[in-house]
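Structure first, then comments.
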């Protein structure tokens with residue numbers, strides 16, 4: 001996913017939200033064929049997320065395999081984003 005498309009995806013997911021969530025990171029990472037950590041770092045570098053966003057996730061439980069599996073299962077089952 002190129003930088004412009006990534007920016008559009010991040011902004012679209014953040015509309016009406018006050019925080020960038022694990023769920024958002026997982027969904028967009030899947031769309032971009034990236035790992036959530038790499039996605040967050042890239043978004044920080046592009047100024048789409050605040051510097052230190054990944055450290056916040058890491059310090060608050062990270063983005064685990066369990067989180068990823070739960071989000072993917074919700075999407076597969078048609079649950080709301």
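The values are calculated or read from the model by the stated rules, or taken from the named source; none is laboratory data. Quick caveat, the model's predicted, so the values are computed rather than measured. All Cβ positions, even for glycine, are placed from backbone atoms using ideal geometry, and neighbour counts span all protein chains on display.
From the set of residues in the range 38-73 that are surrounded by fewer than 16 Cβ atoms within 10 Å (Cβ to Cβ) and touching a residue at least 12 places away in the same chain (Cβ under 8 Å), which is farthest from residue 20 (Cα to Cα)? First the steps, then the outcome.
At the first step, the residues of the range 38-73 found to be surrounded by fewer than 16 Cβ atoms within 10 Å (Cβ to Cβ) are 38, 41, 45-47, 50-52, 55-56, 58-62, 64-66, 69-70, 72-73.
Going one step further and asking which of them are touching a residue at least 12 places away in the same chain (Cβ under 8 Å), we end up with 41, 46, 72.
On the way: 41: 13, 46: 15, 72: 17 Å.
Here the residue is 72.
What helices (runs of 4 or more DSSP H), lying completely within the range 8-66, carry at least 1 residues that are touching a strand residue (DSSP E or B) at 6+ places or on another chain (Cβ under 9 Å) and over 23 Å from residue 76 (Cα atoms)?
Values: elements: 22-31, 36-46, 53-59.
Result: empty, no element qualifies.
In the range 6-23, which residue that is under 18 Å from residue 65 (Cα atoms) and touching a residue at least 12 places away in the same chain (Cβ under 8 Å) is surrounded by the fewest Cβ atoms within 10 Å (Cβ to Cβ)?
23
Determine which single condition residue 15 fails, assuming it passes every other condition in (1) modelled with pLDDT of 95 or more; (2) more than 10 Å from the chain's Cα centre (by Cα).
Among (1) modelled with pLDDT of 95 or more; (2) more than 10 Å from the chain's Cα centre (by Cα), residue 15 violates only (1).
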